[in-house]
Amino acid sequence: MRDHLQKLGANDVELRPGKSGQFDITVDGALKYTRSKTGRFPTDHEVDGLLAD
(Lines give C-alpha, C1' and ligand atoms only; values in the text may rest on other atoms or scores of the structure.)
Protein backbone atom coordinates (compact mmCIF):
# COMPACT_ATOMS: atom_id res chain seq x y z
CA MET A 1 0.00 0.00 0.00
CA ARG A 2 2.85 2.42 0.85
CA ASP A 3 4.52 1.78 -2.51
CA HIS A 4 1.23 2.28 -4.32
CA LEU A 5 0.62 5.67 -2.67
CA GLN A 6 4.18 6.76 -3.35
CA LYS A 7 3.74 5.89 -7.03
CA LEU A 8 0.67 8.16 -7.01
CA GLY A 9 2.83 11.02 -5.75
CA ALA A 10 2.86 10.87 -1.95
CA ASN A 11 6.24 11.72 -0.48
CA ASP A 12 5.87 10.40 3.05
CA VAL A 13 3.46 7.54 3.75
CA GLU A 14 3.10 6.01 7.19
CA LEU A 15 1.01 2.92 7.88
CA ARG A 16 0.43 2.46 11.59
CA PRO A 17 -1.27 -0.44 13.30
CA GLY A 18 -2.92 0.77 16.47
CA LYS A 19 -4.67 -0.67 19.47
CA SER A 20 -7.51 -3.15 19.01
CA GLY A 21 -6.84 -3.61 15.29
CA GLN A 22 -6.97 0.09 14.48
CA PHE A 23 -5.33 0.90 11.16
CA ASP A 24 -4.28 4.44 10.21
CA ILE A 25 -2.81 5.80 6.98
CA THR A 26 -0.94 9.09 7.22
CA VAL A 27 0.20 10.78 4.01
CA ASP A 28 2.61 13.71 4.11
CA GLY A 29 1.86 14.24 7.81
CA ALA A 30 -1.93 14.25 7.49
CA LEU A 31 -4.19 11.43 8.73
CA LYS A 32 -6.04 10.28 5.62
CA TYR A 33 -7.71 7.09 6.79
CA THR A 34 -8.48 5.51 10.12
CA ARG A 35 -10.19 2.18 10.60
CA SER A 36 -11.53 3.41 13.93
CA LYS A 37 -14.05 5.60 12.03
CA THR A 38 -15.09 3.10 9.35
CA GLY A 39 -14.71 -0.21 11.17
CA ARG A 40 -12.96 -1.74 8.16
CA PHE A 41 -9.86 -1.56 6.02
CA PRO A 42 -9.92 0.79 2.99
CA THR A 43 -10.81 -0.47 -0.45
CA ASP A 44 -8.35 -0.11 -3.33
CA HIS A 45 -10.51 2.70 -4.71
CA GLU A 46 -10.41 4.54 -1.36
CA VAL A 47 -6.63 4.19 -1.21
CA ASP A 48 -6.35 5.69 -4.71
CA GLY A 49 -8.44 8.66 -3.55
CA LEU A 50 -6.40 9.42 -0.44
CA LEU A 51 -4.14 11.88 -2.25
CA ALA A 52 -7.09 13.84 -3.65
CA ASP A 53 -8.38 14.84 -0.22
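Restricting attention to segment 1-49, the residues that are surrounded by 14 or more Cβ atoms within 10 Å (Cβ to Cβ) and either in contact with a His (Cβ under 6 Å, 6 or more places away or on another chain) or among the hydroxyl-bearing types (S, T, Y) (or both) total 3. V47 meets the conditions (1) modelled with pLDDT under 80; (2) of a type in the set (A, V, I, L, M, F, W, C); (3) out of contact with any strand residue (DSSP E or B) (no Cβ under 7 Å at 6 or more places or on another chain) in every case but one. The failed one is (1). Just so you know, in segment 19-41 the residues that are part of a loop (DSSP other than H, G, I, E, B) and out of contact with any Lys or Arg (no Cβ under 8 Å at 6 or more places or on another chain) include one that is modelled with the lowest pLDDT, and it is D28.
The values are calculated or read from the model by the stated rules, or taken from the named source; none is laboratory data. Values in this document were obtained by computation on a predicted structure and should not be read as measured data. Virtual Cβ from ideal backbone geometry, glycine too; neighbours counted across all protein chains shown.
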